[in-house]
Structure formats: structure tokens, C-alpha cells
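Have a look at the structure below before the remarks.
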Amino acid sequence: MEIVTSKIEGKVLFIILKGRIDSQNAADVENKITTIKGENNFEDIIIDAESLEYISSAGLRIILRLRKEYPNIKIINVSSDVYEIFDMTGFTEMIKLEKAYRKLSVDGCEIIGRGANGEVYRLDPDTIIKVYLNPDSLDDIHRERELARRAFVLGIPTAIPYDVVKVGNSYGSVFELLNAQSFSKIINADPSKIDEVVKMFVDLLKKIHSTEVLPEDMPDMKAVALDWADFLKDYLPSDKWQKLYNLIKAVPESNMMMHGDYHTKNVMLQNGEVLLIDMDTLCHGYPIFEFASIFNAYIGFNKLQEDNAPSFLGIPDELLVPFWEKTITAYFETDDKEYLDSVTDKASLIGYTRLMRRLIRRNGLEDEKGRAKIEFYKEQILTLLDRVDSLEL
């Protein structure tokens, strides 16, 4: 067995270590690494220790010499036993190390949630896993874990991931959710429970919106929405674009928490307790931005793609609009149609702004079908701008 092999990916040289490295073979290992370095053009080094079983102080000194030459060196796929050696010798404080992750498969597992960054599967009755779409998602996973922790400390009922695993070429976060069911699944199984679900849905939403956060802890949703509007500057008449931008700019500043992707697949019921999942979109801001996201989930996305929302949310098409209407009625505690229509107009204006930008950025202008959708969103935005003069609720 060769103890040292290598591969190049872009400007990164991967040095792959196997078996045991000790005083008996350390010199040969270092000579091999020196030869590999001389034969390749690279800028950084990553050591893959997935098959490394043991490393002695002689092997550690090789890594120290590499670190001196390449300060950004990283060691990945470190087993628990080898990690303990690095930890005991202080290497974890000097070099970035990534532990090996146990491997899981989601083949045949039920999809219980789906978002912009990943999909949520039920592994078994006790556990779920969120699989990230981006293969280089470890930073995103750690960020979401920290956001979930902050929300939990502030009293928001959520599940905090207890393990990170490898799923195919990507990574996943594992949560314990014993017998939990999404609100979508509850409604789909028994549509007569829609009012009961709406009440729990709105109660949690109000709790989120009444929770103040440190602005530096979470993104500012107003800043994000201003970027959406700014993107459309070249696609809308200048006076209309200016009004859209000014409307968003005039939205009150707020440090209150928002979920950012609040819908019935991201809210679960576990033994009578409501839990929020998919916490990577947590932010702070004025509630109109949250309602724009909710509008898109139930109405906006479904305007031009029939069955898009039902397939995404998992609830019948005929319940989408009623769910939206019942949600805003319960949240604002009024059945004043004129007021609720104004809420829908304001939410849909921001929602369609996001959808138009999204489609343009996804090359929607390159084919006839995409251009037709973009034109539809544009017409909706222009029509709404004629009757919306404030985004305050």
C-alpha cells in the first residue's frame, strides 16, 4: 500500500495519506511529498487523512514543516483516533482540521421539506436530515446551526442539529424530530384542520416577529429587498423603478426576527409542540418582507407554474389561496377586506420583485417562455405600483 498519493484540483494539491506514519517511514513519506510538490503546479495544499490510521511525532513534524511553507494548509477527513492525536499535541489550534463525517444515504427516504438551499428528508421515525444542495456547504451548515442556537436561546422552538454527515458529494445536518409532522402533511391528510393549523402557524409567526435580535447576528431583510429592487433598475420604467426603490427604502427599520422562508413545510408538530425548521434564512426586519415570502410560497410561485406550489408545499391547490387569506386574517385580527387586500398588494409587490429578479438571474431572458414570465411579473409590479403608496402595515 502506498502511504502517500496525490491529486490536483484547480490550484489545490491534495496529499492523500494512508496507513501509519511513524519514525520508521517518516523520511520516506517526506521525500515522497517533496517529489509530488516538485511535479505539480499549485498554490495551496490539503491533506486528506481519511485512510490515515496513526501518525507519530515524526509525522507531525512533516506537517509542521509543510505549514511553514504553506500557511493555509488544511487537513480533512480526520478520523476520531487521529483527531485525538492532533488535539493532544496542539495541532487543532495551529492548523484547520476537519473531522471525517459518517456517510448516510437518503435513497428511498420521504422528502418532508424543500428550500432554496437544501432538502429535508425523514431518515426514520426519530430523525430527519437536511441535505444541502451546495457540495461545499460546511460553512453554511455551521452558520445555520449558530442561527438555530441563537433562535432557541431567544425562546423560538426549533430543533438544533446534533450531527453533520456526508450525503453523496454533499453534507447534511441531522436533527431529532420524534414523530414530527409538517403542517403541510397535516393539512393534506385532513383539509378540515386548516383553521386549526392556521392558528398554530400564526401564533408561532407572531412569536418570531415579537422577538428582538442583535442586528449584527442576522441579515437585514430590508437591505436584501433593496438589492432586489436595485437589480431591476434596467428592466422597469425609470419613474416606476424609483417609486419601487423608494417604497422599500421607506419601510421602517426593525430588529425583530423573521424566518425568511416561513411556510407549512418548515413548521412541524411534534407531540403537540410546534417546531420551526430550516433556520438558514433567519434575518431581521419589518414583517412585510416575511409576508412577501409567504405570498410567494402560496400564490406567487404558482401564478405561472401550475402545480408548482402544491408539489412544493404538499397541500391541495384549492387550499393555497384560502390558506394565505386565513393567515393574514388571523395575523392582523381583522376581516376588513379593504385592509387585507392592501396587505396582499404590498406583499405581492415585494414578492413579484423578488420573482422577476430571480428569473432574470436564472437566464429567463434567453428563451420565449422565460421572457413571457418576466413580462408577467413586470406587468404585475407596474399595476401594483399604481395603487401602493406605502409598504407599512
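Antiparallel beta bridges, as assigned by DSSP with both residues in the chain, represent about 65 percent of the total such bridges.
Just flag the GluC sites (Glu not before Pro) in region 194-270 sitting in loop per DSSP whose Cβ has no more than 14 other Cβ atoms within 10 Å. The partial results should precede the final answer.
Details: sites: 196, 212, 216, 253; in loops: 253.
Qualifying residues, ordered by number: 253.
Rounded, prolate or oblate: which fits region 109-180 when a ≥ b ≥ c are the square roots of the eigenvalues of the alpha-carbon gyration tensor, with rounded for a/c under 1.5 and prolate only if a/b beats b/c? Walk me through the intermediate numbers first.
On the way: a/c = 1.84, a/b = 1.12, b/c = 1.64.
Note, shape of region 109-180 comes out oblate.
What pairs from 130/185; 222/326; 326/373 go past 24 Å between their alpha carbons? Distance filter (> 24 Å) returns 222/326; 326/373.
Calculated [222 nm] ellipticity per residue, helices only, for the chain: -14000 deg cm²/dmol; basis is -39500 (n - 2.57) per DSSP H run with n ≥ 4, divided by all residues, nearest 500. Our note on the geometry: Cα centres of region 76-147 and region 28-75, 25 Å apart. Of 228, 286, 330, which is farthest on the positive side of the dipole of the chain, counting Cα position, with +1 on Lys and Arg Cβ, -1 on Asp and Glu Cβ, and the Cα centre as origin? The one lying farthest along the dipole's positive direction is 228. Here is the list for region 118-177: chymotrypsin sites (Phe, Trp or Tyr not before Pro) lying in DSSP coil, each with at most 15 other C-beta atoms within 10 angstrom of its C-beta, are 162.
What shape does region 141-185 have by the C-alpha gyration tensor, where a ≥ b ≥ c are the square roots of the eigenvalues, rounded means a/c under 1.5, and otherwise prolate means a/b greater than b/c and oblate the rest?
oblate
Using C-alpha pairs under 8 Å with a sequence gap of at least 6, the mean separation divided by the residue count of region 247-331 gives a relative contact order of 27 percent. Here are several values of semi-axes √(5λ) of the Cα gyration tensor in Å: (i) 42, 22, 19; (ii) 36, 33, 20; (iii) 48, 25, 19. Which one was derived from the coordinates shown? Entry (iii).
With an 8 Å Cα cut-off and a minimum separation of 6 or more residues, compute the relative contact order for region 175-264 in percent.
Working: 42 pairs, mean separation 35.5, N = 90.
Relative contact order here is 39 percent.
Kirkwood radius for region 164-301, taken over all pairs of different Cα atoms as the inverse mean of 1/r, rounds to 17.1 Å. In a simple Cβ point-charge model (Lys, Arg +1; Asp, Glu -1; nothing else charged), region 121-203 has a dipole of about 60 debye relative to its Cα centre. Sites listed here are chymotrypsin sites (Phe, Trp or Tyr not before Pro) in region 254-343 whose DSSP assignment is loop and whose Cβ has at most 13 other Cβ atoms within 10 Å, and the list is empty.
By its C-alpha gyration tensor, with a ≥ b ≥ c as the square roots of the eigenvalues, how is region 82-230 shaped: rounded for a/c under 1.5, else prolate for a/b larger than b/c, else oblate? Oblate is the answer for region 82-230, as a/c is 1.5 or above yet b/c matches or exceeds a/b. Which is farthest toward the positive dipole end of region 131-201 among 177, 134, 157, measuring Cα position about the Cα centre, with Cβ charges +1 (Lys, Arg) and -1 (Asp, Glu)? Among 177, 134, 157, the one farthest towards the positive end of the dipole of region 131-201 is 157.
Report the relative contact order of the chain, percent, no decimals, based on alpha-carbon pairs under 8 angstrom and at least 6 residues apart. It would help to have the intermediate numbers written out before the result.
On the way: 620 pairs, mean separation 45.2, N = 393.
Result for the chain is 11 percent.
Relative to the Cα centre, the charge distribution of the chain, modelled as +1 at Lys and Arg Cβ and -1 at Asp and Glu Cβ, gives a dipole magnitude of about 780 debye.
Can you give the extra length, in nm with one decimal, that the chain gains between residue 110 and residue 181 once fully stretched, where that is 0.36 nm per residue apart less the Cα-Cα distance? Spell out each step's value before the answer.
Working: separation 71, 0.36 × 71 = 25.56 nm, distance 1.17 nm.
Taking residue 110 through residue 181 to full extension adds about 24.4 nm, to one decimal.
Relative to the longest principal axis of the Cα atoms of the chain, helix 138-153 runs at roughly 60 degrees. By the equivalent-ellipsoid construction on the alpha carbon gyration tensor, region 7-159 comes out with semi-axes of 36, 17, 16 Å, ordered largest to smallest.
Read-outs throughout are calculated quantities, based only on the coordinates presented, and are distinct from any laboratory measurement. Please read all numbers here as calculations on a predicted model, not as lab measurements. In this analysis, Cβ positions are derived from the backbone assuming ideal geometry, glycine residues included, and neighbour counts consider all displayed protein chains.
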